[in-house]
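Student: Okay, handing you the structure first.
Any read-out appearing in this document is the output of simple, stated calculations on the displayed coordinates, not a laboratory observation. Bear in mind the structure is a predicted one, so any value in this text is a computation, not a measurement. Quick reminder, even Gly has a Cβ in these numbers, built from the backbone with ideal geometry, and neighbours come from all protein chains shown.
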Amino acid sequence: MDTQEPSDEALCERVAAGDERAFDLLVERYQARAYRTAWLILRDAEDARDLSQEAFVRLYRSAGRFRGEARFSTWFHRILVNLCLDHRRKWRLWRRALGSDEQIERLPAEPASPTDRLGREQAAKALWDAVARLAPRQRAVIVLTVQEGLDTREIAAVLGTSEATVRVHLHRAVTALRKTLRA
């Protein structure tokens, strides 16, 4: 009896055919990673929760469009990161339209992980605070590289850009982080 777990790609194919159990399995596999990725890009717990859930809704609706040209995880992260970047873009437009007074500024919520409840080391906090100040695309590249372990080709597929552009964003992000952390 073969007890091997089905691949993500096979589960996505089953989701496209209407298999809700396959969808549940994908949600179980990716829910924590999706939330963490969204939080690291948005730095807001509620938005991260909402957008990671929206990414799963979009996955369910568009599973039939997954062509297997990239790994499932790359395809799903592209959905999620695009949602997060679109959200940030819309929020920035609202802030610009409404002004930047303290009433519309949102303070970043802390991620709800056991590590954070116990308290992170100051160095890790300083690093993620510096990451939070990066431009959204630079932040996405750092998160996808460091947190998700994606390579340049996969990140390019997620962001819908060239590998050269990813390398530029990564270089600029690392340069900015070094400068910030030295100060």
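Student: Could you list, in sequence order, the residues of segment 12-22 that are without any contact (Cβ under 8 Å) to a residue 40 or more places away in the chain and either outside any helix (DSSP H, G or I) or under 16 Å from residue 62 (Cβ atoms) (or both)?
Tutor: Listed by number, the residues that qualify are 14, 17, 18, 19, 20, 22.
Student: Within segment 22-43, which residues are surrounded by fewer than 21 Cβ atoms within 10 Å (Cβ to Cβ) and within 21 Å of residue 141 (Cα to Cα)?
Tutor: Passing the criteria: 31, 32, 33, 36.
Student: What residue, among those in segment 142-162 that are in a helix (DSSP H, G or I), without any contact (Cβ under 8 Å) to a residue 24 or more places away in the chain and surrounded by fewer than 19 Cβ atoms within 10 Å (Cβ to Cβ), is nearest to the chain's Cα centre (by Cα)?
Tutor: In this case the residue turns out to be 146.
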